[in-house]
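Take a look at the structure set out below.
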Amino acid sequence: EFLATIVPTENDCGILPFEITLDNYTREKWSCLATQTQQQQQIQVPWRTITITTKDARSSKKIKGFMNYLSERKKSAIGKCSIILGDDDDDCETTTGERGCFVVPFDQKFQIIDNNDEQVQFQCKVLKDRSMLA
């Protein structure tokens, strides 16, 4: 089981649950950080990109290995969760159950933000309701 202690940046605090289980992998285009498919642009799938920071050296080491694993296999990790996310900053709502989607895209490089290699930043994508992907 992969465990890492991470936190979203200040701008993204409060939208994620306490724990997220990444339980699947995908190579679908929608899981990439760099691109949105034409279909997603047409129906305007409201992905939100958030920046995540590790809390300690142990988590940083695990995240770096995990990101390299994803990159080598060209697969993004995905998980279901409840997400507090509105259409704009003033209109936030919580998804009921685990309808939300949390994605760790493979097409990115983590950034070391602490000289002692104790904190790493990377980006994730969240979607309030994964039924929008169908």
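Could you check the spin-label model distance between R48 and M132? Points 7 Å from the Cα along Cα→Cβ, value in nm.
1.0
For D23 paired with E118, estimate the spin-label separation in nm (one decimal), with each label point 7 Å from Cα along the Cα-to-Cβ line.
It is 3.5 nm.
Going highest first, how would you order 53-65, 19-31, 120-132 by mean Cβ packing within 10 Å? Let's see the in-between values first.
Values: 53-65: 17.2, 19-31: 14.2, 120-132: 18.9.
Highest to lowest by the protection proxy: 120-132, 53-65, 19-31.
Read the figures in this text as sums done on the coordinates, not as results from a lab. Here the structure is a predicted model, which is why all the values come from computation and not from measurement. Ideal geometry is used to build each Cβ from the backbone, glycine not excepted, and the neighbour counts take in all protein chains shown.
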